[in-house]
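A short write-up of the structure that comes next.
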Amino acid sequence: MVKVEYNWVEIREYRKFELKEAVALIQDIWKDDKSPEYFKGVMTLFKRIMLLPKKLCTKEEVEFIEDMIRQEFKQVEIDLLWKAVRD
């Protein structure tokens, strides 16, 4: 197996845009009349995407990546709340 090194700074920047799109998607689902199963599927996919860096990092990077994911989840929570209050 080939060891791949990732540039987590660049990935973190990319994920900011990715998470903004996820928040917009979740907002759209809330507004539409989607089934609970549809919403659950989207949230399962969202969770897998959020946790993906943990599968890609080395043992030495785990603490950094877990912290990054925690911060990203917090930002998503804030963004969702702000969108809910504004709409």
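Checking every residue in the stretch 33-51 against the condition of being touching a residue at least 60 places away in the same chain (Cβ under 8 Å) and of a type outside the set (Gly, Ala, Ser) gives zero matches. If you go through the stretch 21-51 and keep only what is of a type in the set (D, E, K, R) and farther than 22 Å from Phe64 by Cβ, you end up with Glu21, Asp28, Lys31, Asp32, Asp33, Lys34, Glu37, Lys40.
Applying the condition of being over 18 Å from Phe17 (Cβ atoms) and of a type in the set (Lys, Arg) to the stretch 66-87 and asking which residue is surrounded by the most Cβ atoms within 10 Å (Cβ to Cβ) yields Arg70. Candidates in the stretch 1-33 are the residues that are in a loop (DSSP other than H, G, I, E, B) and of a type in the set (Val, Ile, Thr); of these, the one that is surrounded by the fewest Cβ atoms within 10 Å (Cβ to Cβ) is Val2. Checked against the criteria, Glu63 counts as loosely packed, with under 11 Cβ neighbours inside 10 Å, under 30 Å from Val4 (Cβ atoms), modelled with pLDDT of 90 or more and charged (D, E, K, R).
In the stretch 34-43, the condition of being touching a helix residue (DSSP H, G or I) at 6+ places or on another chain (Cβ under 6 Å) and loosely packed, with under 14 Cβ neighbours inside 10 Å is met by no residue.
The values are calculated or read from the model by the stated rules, or taken from the named source; none is laboratory data. Nothing here was measured: the structure is a model prediction, and the numbers come from that model. Note that each Cβ is placed from the backbone with ideal geometry, even for glycine, and that neighbours are counted across all protein chains shown.
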